[in-house]
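Take a look at the structure below.
The values are calculated or read from the model by the stated rules, or taken from the named source; none is laboratory data. This is a predicted model, so every value here is computed, not measured. Ideal geometry is used to build each Cβ from the backbone, glycine not excepted, and the neighbour counts take in all protein chains shown.
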Ligand SMILES: [Zn+2]
């Protein structure tokens, strides 16, 4: 579930509370989240060090470890990043917990264990290794870059928006929101979209992601805090189009549910 806006919120949280504080203890609650990395290795790389800066690429969050290397965090479907002080406030499903000098604890949570906590020597090499396309909010990701990225692609627009190798950061929920705002049927093949509409789609991607960040993506009652006319609060059984009032249509693709308005979104 955490998509670009949610991970950007985690990044800001980490930047505000977690940097330049000595890591005094590393606890791995479930080492499956580390993949092939051992808890011992993670511990030896982090203990006594500080996290000194943050970087986000798509749905990946990276924290530079003072000295060398990066801590990499991916949140899968149910991951999160929280700070807490009192042991009683430890969030459920904490898989990795860093104790920081000054008394705060940084918890990486993940209920369903899809996601990854890892180490990387170099951020750019990590992004290349993960085969990530340009970050959807990167300053260098302009209309021309978007056009080039989708040139020759002949799949439906929704799967293209969610393809992290083409464009990093958009997942199921924001793909639906973007296509609703751009009034494009999610089943439309991207190569059938005319140039002006493709430019509008590009601008909509950026606008929707930025709005979600500014409204506090992922927080409680977040859906209700999105601007009037957003699809997000209507993504539920019996949801109606916020524009025309017709019942929303749902289709399944790859196990995920797509919501759209067959009336307002054109093929
Ligand atoms: Zn409608």
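Check residue 52 against each of (1) part of a loop (DSSP other than H, G, I, E, B); (2) modelled with pLDDT of 95 or more and name the one condition it does not meet.
Against the list (1) part of a loop (DSSP other than H, G, I, E, B); (2) modelled with pLDDT of 95 or more, residue 52 comes up short only on (1).
Output the residues belonging to the stretch 151-170 that are in contact (Cβ under 8 Å) with a residue 24 or more places away in the chain, in a loop (DSSP other than H, G, I, E, B) and under 16 Å from the mean Cα position of the chain (by Cα).
163, 164, 165, 166, 167, 169, 170
Any residue at all in the stretch 194-215 that is in contact (Cβ under 8 Å) with a residue 24 or more places away in the chain, over 23 Å from residue 164 (Cβ atoms) and surrounded by 12 or more Cβ atoms within 10 Å (Cβ to Cβ)?
No, the conditions are met nowhere in the stretch 194-215.
For the subset of the stretch 67-92 comprising residues that are closer than 25 Å to residue 170 by Cα and over 15 Å from the mean Cα position of the chain (by Cα), which member is surrounded by the fewest Cβ atoms within 10 Å (Cβ to Cβ)?
Among them, the one singled out is 82.
Quick one: residue 145 ticks every box in (1) surrounded by 19 or more Cβ atoms within 10 Å (Cβ to Cβ); (2) under 21 Å from the mean Cα position of the chain (by Cα) bar one, so which box is it?
(1)
Quick test of your reading of the structure: residue 230 fulfils all but one of (1) free of Cβ contacts under 8 Å to residues at least 60 places away in the same chain; (2) more than 16 Å from the ligand (Cβ to nearest atom); (3) in a loop (DSSP other than H, G, I, E, B); (4) touching a helix residue (DSSP H, G or I) at 6+ places or on another chain (Cβ under 7 Å). Name the failing condition by number.
Just one mismatch for residue 230, condition (2).
Please pick out the residue among 180, 141, 146 that is under 16 Å from residue 264 (Cβ atoms) and at pLDDT 95 or above.
180
Hey, does the stretch 216-227 have a residue that's touching a strand residue (DSSP E or B) at 6+ places or on another chain (Cβ under 7 Å), more than 14 Å from the ligand (Cβ to nearest atom) and either farther than 14 Å from residue 173 by Cβ or assigned to a loop (DSSP other than H, G, I, E, B) (or both)?
no
Could you tell me which of the residues 255, 218, 238, 245 is over 16 Å from residue 178 (Cα atoms) and surrounded by 16 or more Cβ atoms within 10 Å (Cβ to Cβ)?
Sole residue among the options that is over 16 Å from residue 178 (Cα atoms) and surrounded by 16 or more Cβ atoms within 10 Å (Cβ to Cβ): 218.
Collect the residues in the stretch 178-193 that are assigned to a helix (DSSP H, G or I) and surrounded by fewer than 18 Cβ atoms within 10 Å (Cβ to Cβ), keeping them in residue-number order.
Across the stretch 178-193, the qualifying residues are 191, 192.
Can you pull out the residues in the stretch 57-77 that are closer than 22 Å to residue 93 by Cβ and out of contact with any strand residue (DSSP E or B) (no Cβ under 6 Å at 6 or more places or on another chain)?
Result: 59, 75, 76, 77.
Need the failing condition index for residue 193 against (1) within 25 Å of residue 142 (Cβ to Cβ); (2) within 16 Å of the ligand (Cβ to nearest atom); (3) touching a helix residue (DSSP H, G or I) at 6+ places or on another chain (Cβ under 8 Å), just the number.
(2)
Residues checked against (1) under 22 Å from residue 213 (Cβ atoms); (2) modelled with pLDDT of 95 or more:
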| position | (1), (2) |
| --- | --- |
| 64 | yes, yes |
| 68 | no, no |
| 75 | yes, yes |
| 92 | no, yes |
| 102 | no, yes |
| 113 | no, no |
| 122 | no, yes |
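How many residues does the stretch 233-247 hold that are within 13 Å of the ligand (Cβ to nearest atom), over 20 Å from residue 211 (Cβ atoms) and part of a loop (DSSP other than H, G, I, E, B)?
3
Please go through the stretch 249-267 and give me each residue that is more than 8 Å from the ligand (Cβ to nearest atom), more than 24 Å from the chain's Cα centre (by Cα) and free of Cβ contacts under 8 Å to residues at least 24 places away in the same chain, ordered by number.
Hit for the stretch 249-267 is 249, nothing else.
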